[in-house]
1. Would you mention how many residues in segment 101-119 are assigned to a loop (DSSP other than H, G, I, E, B) and within 14 Å of the chain's Cα centre (by Cα)?
2. Exactly one of these conditions fails for residue 208: (1) assigned to a helix (DSSP H, G or I); (2) more than 23 Å from residue 92 (Cα to Cα); (3) in contact with a Phe, Trp or Tyr (Cβ under 7 Å, 6 or more places away or on another chain); (4) touching a residue at least 40 places away in the same chain (Cβ under 8 Å). Give me its number.
3. Residues being of a type in the set (Phe, Trp, Tyr) and modelled with pLDDT under 90: count how many of those fall in segment 30-46.
4. Which is modelled with pLDDT of 95 or more and among the acidic types (Asp, Glu), of 168, 148?
5. Does segment 108-125 hold any residues that are surrounded by 17 or more Cβ atoms within 10 Å (Cβ to Cβ) and out of contact with any helix residue (DSSP H, G or I) (no Cβ under 6 Å at 6 or more places or on another chain), and which are they?
6. Residue check, residue 234 against (1) in contact (Cβ under 8 Å) with a residue 24 or more places away in the chain; (2) farther than 27 Å from residue 53 by Cβ; (3) surrounded by fewer than 19 Cβ atoms within 10 Å (Cβ to Cβ); (4) not aliphatic (A, V, I, L, M), all met but one. Which one?
7. Tell me which residues, restricted to segment 145-162, are among the hydrophobic types (A, V, I, L, M, F, W, C), over 7 Å from residue 113 (Cβ atoms) and not in a helix (DSSP H, G or I).
8. For the condition among the basic types (Lys, Arg) and assigned to a helix (DSSP H, G or I), what is the one hit in 243, 218?
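The values are calculated or read from the model by the stated rules, or taken from the named source; none is laboratory data. No experiment lies behind these values; they were computed from the predicted model shown. Quick reminder, even Gly has a Cβ in these numbers, built from the backbone with ideal geometry, and neighbours come from all protein chains shown.
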Amino acid sequence: MYRLPRLPSAVKISCGSVLRRALIGSHRKLHLAPPWLLDDYIPRYHLISSVDASRKRSEAYAHLSKCNLCPRLCGVNRFEKTGVCLIGADVKVDTIAPHFGEEPCFQGHNGSGSVFFSGCNLRCVFCQNHTIAHQRHGFDLTPEKLAEWYMMLQDVGKVHNINLVTPEHVVPQVALSILHARDLGLRLPIIYNTSSFDSLESLKLLDGLVDIYLPDFKVWRDDTSRRLLKADNYAATAMESIKAMHAQVGDLCFTDDGIAKKGVLVRHLVMPGKADEGREIVRWIAENVSKDMMVNIMEQYFPRAHVGKARRGKSAKSEEVVEVVEPGGLRASPQTMAKVRYEDINRPVDLDEVALVRQAAEEAGLWRFVEAAKHGGFNI
């Protein structure tokens, strides 16, 4: 009987490695260079010392007593009253559940463990989550109860991460909840899903607790931010915040299952007539933060919240027949057409505008883009 020649052990190991890589490569096409591919990952909150954890707890309570953790600088005692964000010492949460509407690298097969906080420190007139962010819907939770929900998302929901949505105004409570959840046995990465209207003091408190920063860079011009976000110096604040986030956790990294574990991913929602601002934003990211930054250029803008509503005050009296789209995309009949609020953004975004921003990003040197899954599910 013919026998195969014996191979040296080193050769067998090498062949086995090649075979494993070939099999993995046929199933998963991550196309990741080693700097962004992790063998394993330990959440950052497990790496801080007990002394640092105690210090962060003390700082969190101090910030709540004289709130300075967003650029509004309300300075209120959150144990007694609320500021612009409408939230006091406890958090108000609208929804806690596995979420399948995030980027594929966050939602995976089991979903992202999303916590949608009520309240916000911005007042975006086009807010896609208007009833959550601008109204106090939901139920109240202490940081300790919030930590218990993290554990349920991990142990029952089997989610891939804890995704804190719009948390800028509840950073002290978030810090306390993460530290408590650590003691309860949480072992999932923490995502800080923010509008980028954060203060450096806030991000300093989060350093060592957050694994993934998911900032949204909304607009570039100051007059746009004052008119549409009701905030001064938004772009300057966002630039400062995103730089600080990147300094903490770097570019987005994954394990070989395609799930992101650490780093920054910047979102930009392209808005009608604002492609020029989007181009400035992606150029700034490439030139001032990192050309290896992962970016999601989003096309799902649609009139929401106050956009398309009837004008108030004196201007409401002067009816002018114009072609408008009401909230939800319903066209008004010619008899009821009248001037509406924020007419310039009262339409879905044009895909040509999205393409212009994408082109500017590529020309600036960005190359890591979030691509939609072709099959409508988890893209690995």
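1. 3
2. So the condition that residue 208 fails would be (1).
3. Of the residues in that region, 1 qualify.
4. Among 168, 148, only 148 is modelled with pLDDT of 95 or more and among the acidic types (Asp, Glu).
5. Matches in segment 108-125: 108, 111, 114, 115.
6. Of (1) in contact (Cβ under 8 Å) with a residue 24 or more places away in the chain; (2) farther than 27 Å from residue 53 by Cβ; (3) surrounded by fewer than 19 Cβ atoms within 10 Å (Cβ to Cβ); (4) not aliphatic (A, V, I, L, M), only one is false for residue 234: (3).
7. 156
8. Residue meeting the stated conditions: 243.
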